[in-house]
Structures are given as structure tokens and as C-alpha cells.
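In what follows, a structure is listed as C-alpha cells, so that the remarks can point back to it.
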Amino acid sequence: MTITLDRPMIAILRLEGAAALAAGLAGFALVGGHWQTFALLVLAPDLAMLAYLLGPVAGARAYNLAHSHVGPALLAAMGLWLAPGLLPVACIWLAHIGFDRAMGYGLKSERTFGITHLGRIGKG
């Protein structure tokens with residue numbers, strides 16, 4: 001079954017991305033992260049795209065794992081209980097995902113890179 005999102009739903013999801021970006025940036029500032037670290041790591045989740053060298057299924061799965069809110073949430077929880085140094089990294093990761101979603105880059109289809117849960121890349 002395929003679900004087609006209408007423009008208002010896509011707009012809400014993109015606003016949700018902008019909120020995640022804002023939360024990631026605010027959290028990073030609140031935990032005292034160094035902005036040089038932010039600049040160094042902000043694009044790190046996109047390294048998952050290297051899995052596309054193995055094909056579209058492996059690429060989409062790796063990309064989607066790296067661009068799910070589950071990862072930064074678990075990393076933040078580990079930071080709260082085990083290693084506070086992980087908190088800035090979790091915030092950077094959340095900000096990256098939020099920026100991508102706000103710009104219309106959603107979770108990838110295993111069929112082709114350009115189709116996401118937000119529609120075609122950049123549309124909406």
C-alpha cells in the first residue's frame with residue numbers, strides 16, 4: 001500500500017524538521033558544545049550514503065538508519081546516564097536530521113534515491 005501525502009501534511013513534516021533543527025541547536029548550546037565540533041560533525045550522518053555503492057537497498061537502509069530520530073535519542077539517553085560527552089554529538093545528529101527534513105530530504109525509498117517519505121527530493 002502506498003500513501004500519498006498532500007501538501008499540508010508535507011508542510012507539517014517539514015516544520016517538524018525545522019523544530020528538530022532548532023532543538024538540536026538549542027540543546028547543543030545548552031550542553032556547552034564547541035561550534036568547531038559542530039562544524040566538523042554536522043555532515044557525518046551523510047557518510048551513510050556510501051552504502052549506495054552496494055546498491056539502492058543497502059544505501060537506503062543505511063541512510064534511513066543514520067537519518068532516523070531513534071539514533072540521536074538513544075545517544076542522548078546514553079549521554080544522560082553514562083557519558084555526558086555524547087550529548088553534544090546527539091544534538092548535532094538531531095540538528096542534521098532536522099535540517100534535512102526541513103529542506104525536504106526525507107527517508108529514502110529502496111527503489112530509488114530521489115523518492116522519500118516526503119515525496120520527491122526537494123519538492124513540497
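Name the residue that is surrounded by the fewest Cβ atoms within 10 Å (Cβ to Cβ), counting only residues in segment 1-60 that are touching a residue at least 60 places away in the same chain (Cβ under 8 Å) and of a type in the set (D, E, K, R).
Arg7
What do you reckon, is Ala95 within 12 Å of the chain's Cα centre (by Cα) and of a type in the set (A, V, I, L, M, F, W, C)?
Considered against the rule, which asks whether it is within 12 Å of the chain's Cα centre (by Cα) and of a type in the set (A, V, I, L, M, F, W, C), Ala95 comes out as yes.
Just so you know, all these numbers are worked out from the coordinates, no wet-lab data involved. A quick note: this is a predicted structure, and the numbers were derived from the prediction, not measured. A quick note on method: Cβ atoms are made from the backbone with ideal geometry, for glycine too, and the neighbour counts reach across all protein chains shown.
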